[in-house]
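K.L.:
Can you read through this structure? Questions will come right after.
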Amino acid sequence: MKDTNRVMQSYGRCCASADFFDDFYASFLASSPAVREKFVKTDMTAQKQLLRAGILNLVLFARGMPDTKLQALGKSHSRSHLDIRPELYDLWIAALLKTISQHDRQLEKEDLQAWRTVLNKGIDVIKSHY
Ligand code: HEM
């Protein structure tokens with residue numbers, strides 16, 4: 001099966017799992033004080049909804065959609081705006097893969113590798129704007 005199809009199906013199962021986004025942010029925030037300090041003033045309920053769409057944008061880009069949304073994310077996360085250092089994306093990916101493993105009950109080993117490939121493709125675009 002194509003990586004992007006694996007990821008779409010896995011993401012569907014994750015979104016259907018209660019607490020997926022809560023558990024992702026709990027894990028991401030726990031990963032470093034550098035992450036926590038970025039979200040001190042954030043409305044996390046709204047942030048969870050934004051991330052739901054943000055992950056979908058990464059998947060759609062890997063499926064061939066234009067990179068317009070990712071360019072915008074790259075600008076908002078760049079040095080002169082949110083100032084998200086490139087190494088923080090490694091923590092983001094690690095927290096997401098861990099949360100996927102906990103919530104996707106039908107996850108196959110190949111799915112995790114597919115997720116890595118798909119996420120990295122879009123994250124490279126975002127980081128290129130730093
Ligand atoms: C805001 C997605 C990685 C920190 C946002 C928003 C989206 C988003 C959609 C709201 C719209 C915007 O400001 O552009 C993503 C995606 C990521 C990612 C898809 C992974 C590829 C990160 C990382 C950090 C981070 C690694 C590091 C801490 C933030 C912060 C905000 C934000 C601080 C603003 C929160 C606020 O409004 O208070 N992100 N993000 N993001 N993101 Fe990310």
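K.L.:
Can you tell me which residue within the range 21-46, out of those that are hydrophobic (A, V, I, L, M, F, W, C) and within 8 Å of the ligand (Cβ to nearest atom), is surrounded by the fewest Cβ atoms within 10 Å (Cβ to Cβ)?
P.N.:
Kept after step one, since they are hydrophobic (A, V, I, L, M, F, W, C), are these residues of the range 21-46: 21, 24, 26, 28-30, 34-35, 39-40, 44, 46.
With the extra rule that they be within 8 Å of the ligand (Cβ to nearest atom), the set shrinks to 28, 34-35, 39, 46.
On the way: Phe28: 22, Ala34: 12, Val35: 17, Phe39: 13, Ala46: 9.
Per the criteria, the residue is Ala46.
K.L.:
Please indicate, with yes or no, whether at least one residue in the range 86-96 is touching a residue at least 60 places away in the same chain (Cβ under 8 Å), in contact with a Gly (Cβ under 7 Å, 6 or more places away or on another chain), assigned to a helix (DSSP H, G or I) and not acidic (Asp, Glu). Before you say what the answer is, go through the steps one by one.
P.N.:
So the first thing to find is which residues in the range 86-96 are touching a residue at least 60 places away in the same chain (Cβ under 8 Å), and the list is 91-92, 94-96.
Remaining after also requiring in contact with a Gly (Cβ under 7 Å, 6 or more places away or on another chain): none.
Scanning the range 86-96, I find no residue that is touching a residue at least 60 places away in the same chain (Cβ under 8 Å), in contact with a Gly (Cβ under 7 Å, 6 or more places away or on another chain), assigned to a helix (DSSP H, G or I) and not acidic (Asp, Glu), so the answer is no.
K.L.:
Follow-up question, since we're still on this one. Going by what's in this entry, would Lys127 be described as in contact with a Pro (Cβ under 6 Å, 6 or more places away or on another chain) and either over 20 Å from Ser10 (Cβ atoms) or modelled with pLDDT of 95 or more (or both)?
P.N.:
Numbers: in contact with a Pro (Cβ under 6 Å, 6 or more places away or on another chain): yes; either over 20 Å from Ser10 (Cβ atoms) or modelled with pLDDT of 95 or more (or both): yes.
Taking the combined requirement at face value, the residue satisfies it.
K.L.:
For a quick check of your reading of the model, give me the residue pairs whose first member lies in the range 102-130 and is without any contact (Cβ under 8 Å) to a residue 24 or more places away in the chain, whose second is surrounded by 13 or more Cβ atoms within 10 Å (Cβ to Cβ) and not hydroxyl-bearing (Ser, Thr, Tyr), with beta-carbon atoms closer than 7 Å and at least 6 apart or on different chains.
P.N.:
Filtered contacts from the range 102-130: Leu112/Leu97.
Conditions tested, residue by residue: (1) modelled with pLDDT under 95; (2) touching a strand residue (DSSP E or B) at 6+ places or on another chain (Cβ under 6 Å); (3) of a type in the set (Phe, Trp, Tyr); (4) not in a loop (DSSP other than H, G, I, E, B).
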site: Phe21; (1), (2), (3), (4): no, no, yes, yes
site: Leu58; (1), (2), (3), (4): no, no, no, yes
site: Met65; (1), (2), (3), (4): no, no, no, no
site: Leu82; (1), (2), (3), (4): no, no, no, no
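K.L.:
Moving on. When Gln49 is evaluated against the numbered criteria (1) over 22 Å from Leu112 (Cβ atoms); (2) under 15 Å from the mean Cα position of the chain (by Cα); (3) surrounded by 13 or more Cβ atoms within 10 Å (Cβ to Cβ); (4) not small (Gly, Ala, Ser), which criterion, by number, is the only one it fails?
P.N.:
Just one mismatch for Gln49, condition (3).
K.L.:
Filter the range 111-130 down to the residues that are of a type in the set (Gly, Ala, Ser) and either more than 24 Å from Asp83 (Cα to Cα) or in a helix (DSSP H, G or I) (or both) and list them by number.
P.N.:
Across the range 111-130, the qualifying residues are Ala114, Gly122.
K.L.:
What single numbered condition from (1) under 28 Å from Ala16 (Cβ atoms); (2) under 16 Å from the mean Cα position of the chain (by Cα); (3) within 11 Å of the ligand (Cβ to nearest atom) fails to hold for Gln102?
P.N.:
Only one criterion is unmet by Gln102, namely (3).
K.L.:
What number of residues within the range 118-130 are of a type in the set (S, T, N, Q) and farther than 11 Å from Ile93 by Cβ?
P.N.:
Total meeting the criteria: 1.
The values are calculated or read from the model by the stated rules, or taken from the named source; none is laboratory data. As the structure is a computational prediction, the values presented were derived from the model and not from experiment. Using ideal geometry, Cβ is built from the backbone for each residue, glycine included, and neighbour counts are taken over all protein chains shown.
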